Amino acid sequence: MSVFEEEDLLPASLTSIRDFVDNVLIIDGSYPDWPSDHALSEDETKEIAHRIAGDKLIWMETKTQLFESAKLDMALDRIEQEPDGQDLWVFLQSADEVFSGDYVGELDELRASSPSECRVAQIKFHLPAPHRTQYMMPRFFRLSGGGVRHGRIPVSNCMYPQKVLEAPWYPGRKLEKCWLLHLKDGRNLNRQRERDSWYASGGLKKVVSV
């Protein structure tokens, strides 16, 4: 997960995934397209990450302004250095997204599959009002034999790191019982309004267990 000044939406995002992942790798740093006079988050982003993810957190920082895709490439490099980093599943999620659904059975099947059976999984992606659209998006990738690769995602989707863009990734599958909800539409003035709407609607209760 790539972050910068994410204290408003990070609690919902992290809480939605902490129970089904073994580790949460977060890389902090500003973006070229998000001007800032400081390189690292100065709000409560880091403290929130430690409080919610606990021992599962792997925290990284970069003072070089990088796009989200380049930061995620650094994260994947870090994962590959782990003892089991050559054979595991990676889930890409942004700090402004919430994961939800009846996902336990589907994720268990995903973990149990072999590389020849499945290397990537797509999930439903929901955009908030005014768009109110839904489509499938690849977000689960098997990291094995030198990294996850993907050759068919448009390069214009800058979230995807180069490791995911370079080569074919099939076979894959679609997960039907889980989804991602996007809580904001870009880093703009609508962010506060969308967050407040999400809280007011009671949506947070669907993914947060305290």
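Considering LEU88, LEU92, the condition of being within 15 Å of the chain's Cα centre (by Cα) and of a type outside the set (Asp, Glu) is satisfied by LEU92 alone. Looking only at residues of region 104-133 that are crowded, with 17+ Cβ neighbours inside 10 Å and assigned to a loop (DSSP other than H, G, I, E, B), we find that the one that is modelled with the lowest pLDDT is PRO128.
Checked across region 28-46, the condition of being of a type in the set (Ser, Thr, Tyr), in contact (Cβ under 8 Å) with a residue 24 or more places away in the chain and in contact with a Gly (Cβ under 9 Å, 6 or more places away or on another chain) holds for at least one residue. Might you check whether a residue that is surrounded by 13 or more Cβ atoms within 10 Å (Cβ to Cβ), touching a Ser or Thr at 6+ places or on another chain (Cβ under 8 Å), under 23 Å from PRO11 (Cα atoms) and modelled with pLDDT of 75 or more occurs anywhere in region 154-162? The answer is no; no qualifying residue exists.
The values are calculated or read from the model by the stated rules, or taken from the named source; none is laboratory data. Not measured: the values here are computed from a predicted model. Using ideal geometry, Cβ is built from the backbone for each residue, glycine included, and neighbour counts are taken over all protein chains shown.
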